[in-house]
Every structure is written in C-alpha cells, then in structure tokens.
Amino acid sequence: MRVIAINGGPRKGWNTSNLLKHAIEGAKSAGAETEPIVNLYDLNFKGCVSCFRCKLIAGGHPGKCAMRDDLSDVLDRVLASNVLLLASPIYLWDVTGMTRMFLERLVFSNLGYRATDRSDFKGMLNVGLIYTMGVTNERMEACGYKFIYDSHVYFLNYLNGKVGYITVNDTYQFDDPSKYDVPLFDPIHKAQVRDTQFPEDCKRAFTLGASLIKT
C-alpha cells in the first residue's frame, strides 16, 4: 500500500502538518509505504483552467490533468497511490486556496460528463481528510461547516475508494498570543486545549491513517 500525504496549509511544524505526520505514522503502523509530505505552498501551480483536454474524445487525457506545472508530478503520484492523506486549515469557511486548486485538478480530470459511470478513474484511492480550525466544535456546527466536508467526500468518492475525515477544533494558533490583536480568543483556554485535547486529536489522526490502510 502506497501512501502520499499532502499539506494544504502554509505553516510547517504547526497543527495541520503535525496532525498529518501522525496520520502518516498510523498508515506506516499498518504496513504502508510512505514518502515525505508534499507542501502545496512550496509549489507553483494553478487551479483548473477549464481547458477540457481531459474530456477530449481524440487526443485527450481522460483521468489526467493536461496542465504541466509543479503540481503535475504530484497528481501523477497521487493517482499511482493507494491512499491520499490531505490536510488543510479552514479559511473563510473553506479549505485553503491551494487545497482547493489541488482538488479541482485532481477531481475534475477524473469526473465524467455522463448520466451513469461518472468516474474516469480506473483505480481505487482511499482518501483521509484532516481539517483544522480555530473555532470551537459548537461554532463549527452552528456555521454549517459540515456542508464543506460532505461536498469533498461526495466528489472524492469518484476516485472509487473509502473517504474519511476528522475535524480538529479550537487550535492554538500563535507562539505568543500577546503579540497579536486577537481578543476573541482566550489564550489560557487555548493553551489548555493545546495541552489536553490536541494530543487526543493526534491519536485520531493516527487512527484515520491506519484505518485507510486496513480497508
């Protein structure tokens, strides 16, 4: 089982990437082969440009994005893997722009314009999603974030595998909160969540990674 892990957040060594590392360790514990994390913010690429070359009948690229840039090799490796682990913080009620562009390029090239047999992907890719955010679980539910997660699951199901996700809330976002104008957040509470809840969230990420290998 081959696993590729992608960090859709801009920060390395913080919540999103640390959770992703635990998911990788979970996959390795179940016997998977892994590789270094791909950081999308290190790459120079665009989202889908609606060229429709992936839909051409003659000379097209069904199931594969025809654009060539820093993401091209990553997409090839994703489609050759058995499991994709993808992590992103939530910005403005959605994943980061880099994560969204990645999903556009991955999913649309494998999405058939047919009433039935909607997938052009011939393999099976399990996907594990990790979402991180500064808001509490209660605030997340009140804002209807579940629609975001469900929409990703819906489209990633066209890759013919199992799709699972975890959400990690109330994250600690600053090395020194006193330096930032963020009175909405109680630094004492945030530190308590970091010290007590985040380790449990890391265990859930580990379990997610392992479960996608065992499926």
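The values are calculated or read from the model by the stated rules, or taken from the named source; none is laboratory data. Here the structure is a predicted model, which is why all the values come from computation and not from measurement. In this analysis, Cβ positions are derived from the backbone assuming ideal geometry, glycine residues included, and neighbour counts consider all displayed protein chains.
Worth a mention:
- Matching residues in segment 74-99 - criterion: being free of Cβ contacts under 8 Å to residues at least 60 places away in the same chain and of a type in the set (Gly, Ala, Ser): Gly97
- Single match in Leu86, Leu20 (criterion: out of contact with any Gly (no Cβ under 8 Å at 6 or more places or on another chain), under 21 Å from Val153 (Cβ atoms) and of a type outside the set (Gly, Ala, Ser)): Leu20
- Applying the set (1) touching a residue at least 40 places away in the same chain (Cβ under 8 Å); (2) closer than 28 Å to Ile213 by Cβ; (3) not aliphatic (A, V, I, L, M) to Gln173 leaves exactly one unmet item: (2).
- Screening the candidates Phe102, Phe121 for the property of being aromatic (Phe, Trp, Tyr), in contact (Cβ under 8 Å) with a residue 24 or more places away in the chain, closer than 21 Å to Leu19 by Cα and surrounded by 17 or more Cβ atoms within 10 Å (Cβ to Cβ) yields one hit, Phe102.
- When segment 12-41 is filtered for residues that are of a type in the set (D, E, K, R) and either modelled with pLDDT of 95 or more or under 18 Å from Asp201 (Cα atoms) (or both), the ones remaining, listed by number, are Lys12, Lys21, Glu25, Lys28.
- Hey, Thr167 assigned to a strand (DSSP E or B), over 26 Å from Lys55 (Cβ atoms) and touching a helix residue (DSSP H, G or I) at 6+ places or on another chain (Cβ under 7 Å) or not: yes
- You will find that of Val127, Val135, Val153, the residue that is within 26 Å of Leu43 (Cα to Cα) and either in contact with a His (Cβ under 9 Å, 6 or more places away or on another chain) or modelled with pLDDT under 95 (or both) is Val127 and no other.
- For segment 180-202, a residue qualifies if it is loosely packed, with under 12 Cβ neighbours inside 10 Å and either assigned to a helix (DSSP H, G or I) or in contact (Cβ under 8 Å) with a residue 12 or more places away in the chain (or both), and the qualifying residues are Ile188, Asp195, Thr196, Pro199, Glu200.
- Put simply, of Ser88, Ser81, Ser72 the only residue that is farther than 20 Å from Tyr149 by Cβ, of a type in the set (S, T, N, Q) and either touching a strand residue (DSSP E or B) at 6+ places or on another chain (Cβ under 6 Å) or surrounded by 20 or more Cβ atoms within 10 Å (Cβ to Cβ) (or both) is Ser81.
- Test: residue in segment 51-66 that is among the aromatic types (Phe, Trp, Tyr), part of a loop (DSSP other than H, G, I, E, B) and either surrounded by 14 or more Cβ atoms within 10 Å (Cβ to Cβ) or in contact (Cβ under 8 Å) with a residue 12 or more places away in the chain (or both): no
- Residues being buried (at least 16 other Cβ atoms within 10 Å of the Cβ) and over 17 Å from the mean Cα position of the chain (by Cα) - total across segment 135-152: 2
- Across segment 67-99, the qualifying residues are those that are assigned to a loop (DSSP other than H, G, I, E, B) and more than 12 Å from the chain's Cα centre (by Cα), and the one among them that is nearest to Gly161 (Cα to Cα) is Asn82.
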